[in-house]
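No value in this document is a laboratory result; all are computed from the given coordinates. What you see is a predicted model; the values in this text were computed from it and never measured. Glycine gets a Cβ as well: all are built from the backbone with ideal geometry, and neighbour counts include every protein chain shown.
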Amino acid sequence: MKKFIYLIAMVLISSAAIGQKADFSGTWKINREKSQLGDQFSMAPNSIVVEQTKKEMSVQRNSSWQGQDYSYTDKFTLDGEECENIGMMDMVKKSTVVWNDDKKSIKITTKIELQDGTDMTIIENLAMDGEHLVMETSASSSYGDMTEVFVFEKE
């Protein structure tokens, strides 16, 4: 009987874990050695702060450019609905977030209308790799294409 109760308990615990979505919350610092950054230019933030609930997620990116520190925060819903955030130079960023089938990773697709009338599309895939948060980022616009992989460690 004890074995049967133990087996039922393990099945219930396993079932609960399977349905859980990944939680990316925390303060994360980039590990530049483990990351795959652009040769001449990188969009890599120095750190990010992620706050996540069941329905929403905010990502604060802390970066430096030409000796200037700056920070901006994007807020997303996790239901696939389009979200709007303001980016650099007051450009409107329209994003959607969808969970991948495994519920362990998400895909953020962002479109930005550039000043020349063309669009930039940025796709970010976030997933946990052990203790690391991995963000695979690709950007495509009339200026060209760029792909980077950012590996973050929790502070």
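What are the ³J(HN,Hα) values, in whole Hz, obtained from phi via the Karplus relation 6.51 cos²θ - 1.76 cosθ + 1.60 with θ = phi - 60°, for each residue of segment 108-116 in sequence order, with x given for Gly and Pro?
Result, ordered by residue: 10, 10, 10, 10, 10, 7, 7, 5, 7 Hz.
Using only Cα atoms, locate the centre of segment 22-38 and the centre of segment 94-155, then give the distance between them in Å, rounded to an integer.
13 Å
Within segment 104-121, name every residue whose backbone N is under 20 Å away from a label modeled 7 Å from Cα of Gln66 along the Cβ vector.
Residues 114-116 qualify, since their backbone N sits under 20 Å from the label point.
Do the sum for the chain: with -39,500 (n - 2.57) for every DSSP H run of n ≥ 4, divided by all residues, what is the mean residue ellipticity at 222 nm, to the nearest 500 deg cm²/dmol?
-4000 deg cm²/dmol
Using the Karplus curve 6.51 cos²θ - 1.76 cosθ + 1.60 with θ = phi - 60°, work out ³J(HN,Hα) for each residue of segment 97-102 in order, rounded to whole Hz, and write x for Gly and Pro.
Here the 3J(HN,Hα) series is 10, 10, 7, 6, 4, 6 Hz.
Pairs on different chains or at least eight residues apart, Cα atoms closer than 19 Å: how many lysine pairs in segment 22-154 fit?
Total qualifying Lys-Lys pairs in segment 22-154 comes to 20.
Relative contact order, percent, of the chain when contacts are C-alpha pairs under 8 Å separated by at least 6 residues?
Reported as a whole number, the value is 20 percent.
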